[in-house]
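Colleague: Submitted below is the structure of interest, expressed as structure tokens.
The values are calculated or read from the model by the stated rules, or taken from the named source; none is laboratory data. If you're wondering where the values come from, they're calculated on a predicted model, not measured in any experiment. Every residue, glycine among them, receives a Cβ derived from its backbone with ideal geometry; neighbour counts consider all protein chains shown. Ligands, DNA and RNA are excluded from the accessible area calculation, which covers all protein heavy atoms including side chains. Shrake-Rupley method; radii C 1.70, N 1.55, O 1.52, S 1.80 Å.
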Amino acid sequence: MHRITGRVSIAGAVIVLTINVACQKDSGGGGAAADPCALTEAPLTSVPPHTPRWAFEPWISKDISTRDDTYAFVSGFQSRGIPVGTVVLDSPWETNYNTFVPSPTRYADFPGMVSDMHARGVRVVLWTTMFVNSTSFDLEPGGDIYPGGADTLAHGEDCSYFVDDGATYPWWKGKGAALDFFNGSSRAWSHAQQDVVLNAGIDGWKLDFGENYVGGMHSNIATADGEKTRQEYGERYYQDFLEYGRSSRGREFLTMTRAWDESYGFPGRFFAKKEHSPISWMGDNRRDWFGLKDALTESFISARAGYVAVGSDLGGYLDRDDLNLTGPQIPFDTMVFARWTAVSALSPLMQLHGRANITPWTVPDHVDETVADYKYWAQLHHALVPFMYSLAEETYAGHGTSILRPVADASSTTDFRYMLGDALLVAPILDATGKADVALPGGASYVDFFTGEEATGGTTVTRDYSADRRHIPLFAKTGAIIPMNVDGDALGFGPFAGALTILMWPGQTPSTFAMHDEKDAVLTLGASATSTELHATASAAPTPIVLRLHDLRAPTAVTVNGGAGDFMYDAAAYVIVVKVPASSSAVNVVVTRGM
């Protein structure tokens with residue numbers, strides 16, 4: 001075994017690449033001749049399904065960006081009190097498609113930028129596909145001009161690292177050959193190139209669906225392991241990027257892939273396997289009411305199939321119909337954007353990404369209102385991270401079906417109600433009226449999340465938000481327990497820095513919630529109610545807890561582990577707020593209900 005060591009410089013930052021090369025005897029048997037194409041790579045090994053906690057923070061993304069623009073983009077949100085957990089660098093970011101070398105003109109000192117983003121609490125995800133291009137272009141305004149193909153293409157062709165004998169296929173960023181993920185040497189070659197940015201500290205890949213263009217009209221693709229269907233080839237592509245990224249960067253690395261998608265005239269199908277899709281996004285939806293319904297439909301199909309963390313491009317990505325890209329432009333509508341913002345915040349993935357690179361403060365009208373509403377929903381999504389992450393971990397452990405759970409069965413094409421876990425009922429608003437008649441599922445009572453008003457399951461309630469762009473119908477199911485990280489001021493819950501906020505709607509049937517904390521310890525939370533008392537429990541309190549218990553009646557007394565409790569009653573919200581100190585042992589809160 002020999003090692004070939006190369007040096008790649010990214011604006012002064014030198015990254016060393018090491019590739020193992022297998023040696024082969026020459027035909028005369030008198031010595032060893034290194035074959036630079038016969039690279040060694042360990043077989044793919046299955047990794048346990050996992051979606052990192054950070055993935056449930058709000059995401060932002062742009063099509064065409066630069067280093068300075070990325071800093072300004074992130075600062076624009078953070079300076080307004082809008083949380084950002086991840087920034088996606090979409091295309092173009094490389095010297096060519098797909099060299100994995102950051103463009104020195106767009107992203108000078110790439111490792112330094114990644115480090116700076118991490119210091120701000122922001123993860124960095126890079127877009128890519130499986131193509132290595134012979135010809136490249138960016139159709140979007142502000143894209144790059146490429147004088148030739150990727151400088152790695154010739155070596156890949158010489159070594160037969162591509163499928164279909166190196167045939168090149170047109171796709172939306174030019175024309176290229178597709179990597180053969182069934183060839184160990186091809187994978188090793190690709191991995192060594194990925195090391196440039198993996199070693200720089202990136203946190204994930206956004207893997208686009210280029211396999212739709214591989215093979216042209218042929219149904220099968222020729223690989224080193226024989227002919228494969230497009231489905232088989234695509235699934236191996238997604239698996240390889242995830243498993244190599246995890247082997248390099250650890251369990252917290254992720255890939256973002258499409259789950260179910262039907263767009264651009266291609267037949268609908270699932271792309272990555274659910275176990276290889278830590279984050280699943282429904283991409284390329286139109287930026288209108290139809291697009292919002294389409295995104296929800298695809299999210300529902302994916303969730304029913306077991307994809308755990310799903311979401312869409314907030315506001316819709318496309319400004320034209322995907323089936324008629326040369327047709328009329330779809331106007332940007334701030335009301336659609338507002339309703340989609342609420343739906344995204346109440347989905348596992350909240351990601352702002354649109355072809356027009358819209359931000360809340362650059363919308364054409366209702367600017368201040370849009371910024372304030374976006375801040376509210378982004379802070380709520382951020383606060384829900386302990387809840388979402390815990391649901392994901394329980395689902396992967398076999399204790400749940402998904403985070404987002406459609407209420408209607410798969411035959412319905414008009415009912416877009418869904419549950420988050422077994423706690424929150426969401427009824428999206430899907431037209432400009434702002435009005436909705438919401439059928440509450442039977443078997444439980446429900447509480448309006450915003451007003452605290454109670455309603456009986458099995459009935460229909462009417463909500464009119466025609467003069468209110470922020471809210472959509474949202475109800476807590478009786479028995480719901482929602483742990484939250486509240487450190488912003490937009491929700492009206494605090495903030496209580498350093499404390500765990502727990503929302504509870506106790507019911508006569510005792511309920512529990514398994515919360516996975518930041519150290520992956522599991523805390524069991526419980527709630528129940530009788531005619532005279534409310535009970536709230538926690539198996540421990542590693543940090544102080546702020547309990548927010550719903551009750552229409554003001555309490556007469558509160559005890560915490562048998563002693564007098566620190567509490568107040570918010571009569572406007574029908575909420576009892578109880579402060580519980582940190583404790584390594586179990587916590588038991590008893591509220592004596594008033595008349």
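Colleague: Could you pull the Cα extents of the range 386-511 along its three principal axes, largest to smallest, in whole Å?
Modeller: 41, 36, 28
Colleague: Would you mind working out the magnitude of the charge dipole of the chain relative to its Cα centre, with +1 at each Lys and Arg C-beta and -1 at each Asp and Glu C-beta, to the nearest 20 Debye?
Modeller: On the way: 44 positive and 68 negative charges, 201 e Å.
Rounded to the nearest 20 debye, it is 960 debye.
Colleague: List the residues, sorted by chain then number, that are 5 or more residues from Asp313 or on another chain and whose placed amide H is less than 5 Å from its amide H.
Modeller: Met282, Asp284, Asn285
Colleague: For the range 388-473, what is the relative contact order in percent, using Cα pairs closer than 8 Å and at least 6 residues apart in sequence?
Modeller: Details: 124 pairs, mean separation 17.8, N = 86.
Dividing the mean separation by the residue count of the range 388-473 yields 21 percent.
Colleague: Contour minus end-to-end for Thr537 and Ala554, with contour as 0.36 nm per residue of separation and end-to-end as the Cα-Cα distance?
Modeller: 4.1 nm
Colleague: Can you tell me how the range 422-491 classifies by the Cα gyration tensor, rounded, prolate or oblate, using a/c under 1.5 as the rounded cut? Walk me through the numbers before you get to the answer.
Modeller: On the way: a/c = 2.21, a/b = 1.04, b/c = 2.11.
Oblate shape, in that a/c is at least 1.5 and b/c is the bigger or equal ratio.
Colleague: At Ala573 and Asn199, where each label point lies 7 Å from the Cα along Cα→Cβ, what is the point-to-point distance in nanometres?
Modeller: Between Ala573 and Asn199, the label points sit 5.0 nm apart.
Colleague: Relative to the present Cα-Cα distance, how much length would full extension add between Ser46 and Ser160 at 0.36 nm per residue of separation?
Modeller: 38.4 nm
Colleague: Using Cα positions and a limit of under 28 Å, work out the lysines in reach of Lys228, with same-chain residues fewer than 8 apart set aside.
Modeller: Counting by Cα, and skipping residues close in sequence, Lys228 has these lysines nearby: Lys173, Lys175, Lys206, Lys273, Lys274.
Colleague: For His366 and Lys435, what does the FRET efficiency come to when R0 = 25 Å and r is the distance between their Cβ atoms, rounded to the nearest 0.05? Provide the component values of the computation, followed by the final result.
Modeller: Working: r = 19 Å, r/R0 = 0.76.
With R0 = 25 Å, the Cβ-Cβ based efficiency is 0.85.
Colleague: I'd like the Karplus ³J(HN,Hα) series for the range 295-303: coefficients 6.51, -1.76, 1.60, θ = phi - 60°, whole numbers in Hz, and an x wherever there's a Gly or Pro.
Modeller: With the stated coefficients, the range 295-303 comes to 4, 5, 4, 5, 5, 5, 4, 5, 5 Hz.
Colleague: So, one more: Ignoring ligands, DNA and RNA, what percent of the accessible area of the chain is carbon or sulfur (1.4 Å)? Each step should come with its number before you reach the end.
Modeller: Numbers: 11780 of 22710 Å².
Carbon and sulfur atoms account for 52 percent of the accessible area of the chain.
Colleague: Considering only protein heavy atoms, with the full assembly of protein chains and a 1.4 angstrom probe, order Glu227, Glu454, Glu252 by accessible area, largest first.
Modeller: Order by accessible area, largest first: Glu227, Glu454, Glu252.
Colleague: Relative contact order for the chain: what percent, with Cα pairs under 8 Å and sequence separation of 6 or more?
Modeller: Reported as a whole number, the value is 9 percent.
Colleague: Between Met595 and Thr413, 0.36 nm times their residue separation minus their Cα-Cα distance comes to what?
Modeller: Values: separation 182, 0.36 × 182 = 65.52 nm, distance 4.53 nm.
Here the answer is 61.0 nm.
Colleague: Over all distinct Cα pairs, what is the inverse of the mean 1/r for the chain, reported as the Kirkwood hydrodynamic radius in Å?
Modeller: Roughly 25.7 Å, rounded to one decimal.
Colleague: Something else about it: Hey, what do the phi angles of the range 253-268 turn into as Karplus ³J(HN,Hα) couplings, whole Hz, using 6.51/-1.76/1.60 and θ = phi - 60°, x for Gly and Pro?
Modeller: 6, 9, 10, 10, 9, 7, 8, 7, 8, 9, 7, 6, x, 7, x, x
Colleague: Shifting gears a bit: What distance in nm separates the two pseudo spin-label positions at Ala582 and Phe450, each 7 Å out from Cα along the beta-carbon direction?
Modeller: Going from the Ala582 label point to the Phe450 one covers 3.7 nm.
Colleague: Follow-up. With a probe of 1.4 Å, find how much accessible area the range 507-595 has per residue, and write the answer as a whole number in Å². The partial results should precede the final answer.
Modeller: Details: 4390 Å² over 89 residues.
Result: 49 Å² of accessible area for each residue.
Colleague: Continuing with the same structure: Rounded to the nearest 500, what is the chain's calculated 222 nm mean residue ellipticity when only DSSP H runs of at least 4 contribute -39500 (n - 2.57) each, over all residues?
Modeller: Result for the chain, helices only: -6500 deg cm²/dmol.
Colleague: Accessible area per residue, 1.4 Å probe, Å², for the range 210-286: what's the number?
Modeller: Here the residues of the range 210-286 average 37 Å² of exposed surface.
Colleague: For an R0 of 51 angstrom, estimate the FRET efficiency from the Cβ-Cβ distance between Thr105 and Ser219 and round to the nearest 0.05.
Modeller: The pair Thr105/Ser219 has a calculated efficiency of 0.80.
Colleague: How far apart, in nanometres, would the label points at Cys37 and Ala167 be if each is projected 7 angstrom from Cα along the Cα-to-Cβ direction?
Modeller: 1.9
Colleague: Right, next: If you take the beta carbon distance between Asp468 and Ala397 as r and set R0 to 45 Å, what does 1/(1 + (r/R0)^6) give as a FRET efficiency, to the nearest 0.05?
Modeller: 0.70
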